[in-house]
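I have placed the structure first, in the form of structure tokens, so that the comments after it can refer back to it.
The values are calculated or read from the model by the stated rules, or taken from the named source; none is laboratory data. Here the structure is a predicted model, which means the values were calculated and not measured. Cβ atoms come from the backbone with ideal geometry, glycine included; neighbour counts cover every protein chain shown.
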Ligand SMILES: Cc1ncc(C[n+]2csc(CCOP(=O)(O)OP(=O)(O)O)c2C)c(N)n1
């Protein structure tokens, strides 16, 4: 007999609807207004960072920006459910989550600015490098969790990917490993409906992506990805389950990519602006704000404080990204191996010679 | 700059000025129109027309059955191309970027490259795998790899890398008609460079071309390094040194005859490529010249390549990429005294 309890609900879990009305759930509790107000603060900062980066990429201060605008509730929830010792395995679209984990805003943007590939020490923040090759990081997450189990550590790993990435073989291998070895991993799919131009229907014919979990022998759940309360409840319970030795699970968040894939993309070629407009009405910030206002948990003073804090983060980011730091060519050779090689030393010396000659203006 | 090209089109009927991107698009359209066994598929190649717009308009013109988006799964794309080719179609697939072709590596190496040999020729695979390759576009990591060495090292693969719109057009058409699998490397930084294209002109896979005559030394280049070689030859000419330039066009199988003749005529050779130099295409070219042209050489063959490091991030890219100065330095080192 298949275990029916592994199946996700047919309708995504929602605790606060788009109008800000609460729908209490018998399985998933709504967090306290205090917790949600703190969550709202993170949402405000996250939105501000997305807006700021959108400007910075247009000014040429970032090489590229894959925005998480509209997906901020997912970014905030993925980080909120982690304990300090837990690990996050993010993608290129999750810079905001990386920042919320404590990485300085400018260091979270190093990859997208183009100074280096990863601007933070993963061990310091318990955040793996943002991964661009789709779904590959899910296997790293699985191995990390496996090591934690072998070492007897209570670490839980949250692994992020988009719905497009679920088509890659690595996604399936990761799910299977996690289930077979009963590992403390939560696979968190942000289904934002588009993989660059390709719609969800071209990635999967399944009833939902969360339904895929049952085939591997782990539970799946679907959740409204623009409802922070629901995300905290569903992801929180998946993390609790993993920590208690209950094994992996898959959470699919239904959300929407409000902007083009990156600044380099032209989304008018493949989607209607009417569709985008529909999702404006489901904005994660608007609904939580109206819920908290209704609960008298959010007043003008608090809101102004959040806005000021968000402005400060944006200003920090601007200052850091507007600074022209001379790139250090030595870095190119310094980290390739733990111990450099004679060949790399020779190549670095030859580049140094070139740089010295051009500084002296003696280049042919 | 003088370009000596036997197939240089004359302006007239069938000759247009096109970017390489437009030339590739045209080649795909012309083959789709000419042969209904041709199917084009990959990621974002339908409505979007590909992230580089190489397949722009093809789905609208030829329909979803001939040109379609797939799920994001490179092993799936190449693996299913094998099955399609076994069943009589001629798949042309796109890998979105060089480094995103790696999930398909097993299919490429274990099946695409070997099927003809395994089946004693009973199953040939007329597949084209198009891969935008190399850097120079300020891309973040995994968007600028020069991955040609992996492919040229694999027996059974034919590997092509055009450097101009005409060759891009002619070689892609030829590749689609080719009986065996072709890895078609498209230098993305040259996608928008324009040139004249004669759609009636044909190219031969497996033939290199002398694109500039010269008598003092031979520069051997392909894909992204050809414009650098030509620019270096211009600069050298201003200093009174006459450099010949060979565009390999096909990396494997290798056109020894053209390269041997060119190098023997000058006695000096510099190979230019963007990929890391160790165990690279450039190494193979240098080794072949050393073995086959030793008695004609006045100096050891030099390589100007990328450093042996992962591709640099955008802000450091300019340190990494071979440029004209590096080429001229290498030329200067070719034992000119006496
Ligand atoms: C292995 C691999 N193939 C292709 C790509 C190119 N690519 C980058 S993002 C993307 C779409 C991914 O969509 P999804 O997983 O839904 O995430 P989203 O970008 O929507 O957050 C593609 C195809 C890649 N990065 N890695």
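Some observations on this one:
- All positions within region A:204-254 that are buried (at least 24 other Cβ atoms within 10 Å of the Cβ) and within 14 Å of chain B (Cβ to nearest Cβ): A:209
- Looking across region A:173-200, the residues that are assigned to a helix (DSSP H, G or I) and away from the ligand (no atom under 14 Å from the Cβ) come down to A:175, A:176, A:177, A:178, A:179, A:180.
- Number of residues in region B:82-100 that are within 16 Å of the ligand (Cβ to nearest atom), surrounded by 24 or more Cβ atoms within 10 Å (Cβ to Cβ) and not in a loop (DSSP other than H, G, I, E, B): the value is 3.
- Residue ID - farthest from the ligand (Cβ to nearest atom), chosen from residues in region B:101-112 that are surrounded by fewer than 21 Cβ atoms within 10 Å (Cβ to Cβ) and within 19 Å of the chain's Cα centre (by Cα): B:109
- Residue match in region A:98-108 (condition: within 14 Å of the ligand (Cβ to nearest atom) and within 14 Å of chain B (Cβ to nearest Cβ)): no
- Residue within region A:87-97 that is closer than 27 Å to residue B:317 by Cβ, surrounded by fewer than 23 Cβ atoms within 10 Å (Cβ to Cβ) and within 16 Å of the ligand (Cβ to nearest atom) present: yes
- Residue count for region B:116-161, restricted to those that are part of a loop (DSSP other than H, G, I, E, B), away from every other protein chain (no Cβ under 14 Å) and under 12 Å from the mean Cα position of the chain (by Cα): 3
- Residue count for region B:50-75 satisfying the condition of being without any contact (Cβ under 8 Å) to a residue 24 or more places away in the chain and either part of a helix (DSSP H, G or I) or under 22 Å from residue B:174 (Cα atoms) (or both): 2.
- Test result for residue B:75, modelled with pLDDT of 95 or more, more than 10 Å from every other protein chain (Cβ to nearest Cβ) and within 29 Å of residue B:88 (Cβ to Cβ): no
- Filter pass, residue A:75 being part of a helix (DSSP H, G or I) and in contact with a helix residue (DSSP H, G or I) (Cβ under 6 Å, 6 or more places away or on another chain): yes
- There is at least one residue in region A:113-122 that is in a helix (DSSP H, G or I), away from every other protein chain (no Cβ under 14 Å) and either modelled with pLDDT of 95 or more or under 23 Å from residue A:233 (Cα atoms) (or both).
To keep it simple, each residue is scored yes or no on (1) over 20 Å from residue B:330 (Cα atoms); (2) modelled with pLDDT of 95 or more; (3) surrounded by fewer than 23 Cβ atoms within 10 Å (Cβ to Cβ).
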residue	(1), (2), (3)
B:250	yes, yes, no
B:253	yes, yes, yes
B:274	no, yes, no
B:278	no, yes, yes
B:293	no, yes, yes
B:296	no, yes, yes
B:300	no, yes, yes
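- The residues of region B:228-240 that are farther than 14 Å from residue B:262 by Cβ and surrounded by 18 or more Cβ atoms within 10 Å (Cβ to Cβ), listed by number, are B:228, B:230, B:232, B:236.
- Region B:283-329, subset part of a helix (DSSP H, G or I), touching a residue at least 40 places away in the same chain (Cβ under 8 Å) and within 11 Å of chain A (Cβ to nearest Cβ), residue nearest to residue A:110 (Cα to Cα): B:314
- In region A:322-329 there is at least one residue matching the filter, namely being touching a residue at least 60 places away in the same chain (Cβ under 8 Å) and more than 10 Å from every other protein chain (Cβ to nearest Cβ).
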